[in-house]
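Heads up, the thing below is written out as structure tokens.
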Amino acid sequence: MNEALKNLYSVQEIDSRILAAKRAMAGLDNGSSTKAQVEQAEMDYKQLEDKLRGLEAELKDCELNLKTVENKKQGYERRLYAGEVTNPKELEGMEKEIGMLKRNQDKLETRVLELMDAAQEQQGLVSESRSRLERLQAELSGKMETYDNRSKELSEEIAKATADRTAAADTVDEDLLRRYEGIRSRAGGIAVSQVGDGRCGVCHVSLTPFAVRMLKESQEPPTCESCGRMLLAPE
Ligand SMILES: [Zn+2]
């Protein structure tokens, strides 16, 4: 029996390799959470940049308006100081016009300063956001590379172990293999336990002298009284 169990034990070692590789595969970080962060950061960046473009456009408009108002005001003032206008009514109208243009100019100048400050502040936010986006993109590409390499390694490992498993299972009697699968499915993937120091190698419960003797002599695979696993005699 020991020879058959030894072969079965080899099958189990391969099954454990396959299981470990599959678990490692399932536990790999495929970068999906970082990808979601990158997408969010892209949206944030775009939003901040749009706002900056808006502020810059408004600033440009205000500066153009300011220039127009200044030119208009200077035109009136030039005519006024050149003494071109003498009609009191016309004079009064022109002074009123200049006063209005001046108020408009003050308002525009205030707005230009506000917009300059706002655009500068917004530029800072855009830069920060850009750095964050670039950092996340680099992190994602690193993660993706690791994931690709590691999942390729693991797939190869699983394919190789699966071929090894088929070859190893061919050396084991079908009934024994079925029994193995049955125990394995309810005993955490380990159906064959190697005995050491008179104890079950998995649950560590001591074997009775009878069980120890049966290890060598029984035609049926002996099982651990405690955990129910098949017992493989020590070398
Ligand atoms: Zn046991």
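The table below gives the values:
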quantity: Cross-link pairs 46/107; 6/216; 73/96; 6/152 - those with Cα-Cα distance over 21 Å; calculated: 46/107; 6/152
quantity: Segment 80-225: relative contact order in percent, alpha carbon pairs under 8 Å with at least 6 residues between; calculated: 6 percent
quantity: Charged-residue dipole, Cβ positions (Lys, Arg, Asp, Glu), the chain about Cα centre, Debye nearest 20; calculated: 280 debye
quantity: For the chain, alpha-carbon Rg and Dmax in angstrom; calculated: 42.1, 135
quantity: Positive-end extreme of charge dipole, the chain - chosen from 127, 30, 215 (charges on Cβ); calculated: 215
quantity: Which of 49, 156 has the fewest Cβ neighbours within 10 Å, and the rest in rising order; calculated: 156, 49
quantity: Per-residue Cβ neighbour rank within 10 angstrom, fewest leading, 17, 178; calculated: 178, 17
quantity: Sequence of 51, 60 once ranked by neighbouring C-beta atoms within 10 Å, starting from the fewest; calculated: 60, 51
quantity: Estimated [θ] at 222 nm from DSSP helical runs (n ≥ 4, -39500 (n - 2.57)) normalised by residues in the chain, nearest 500; calculated: -28000 deg cm²/dmol
quantity: For segment 69-180, alpha-carbon Rg over 2.2 N^0.38 Å; calculated: 3.08
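The numbers here are math on the coordinates, done by the rules we state, and not lab data. A quick note: this is a predicted structure, and the numbers were derived from the prediction, not measured. Cβ coordinates were reconstructed from backbone atoms using ideal geometry, including for glycine residues, and neighbour counts include every protein chain displayed.
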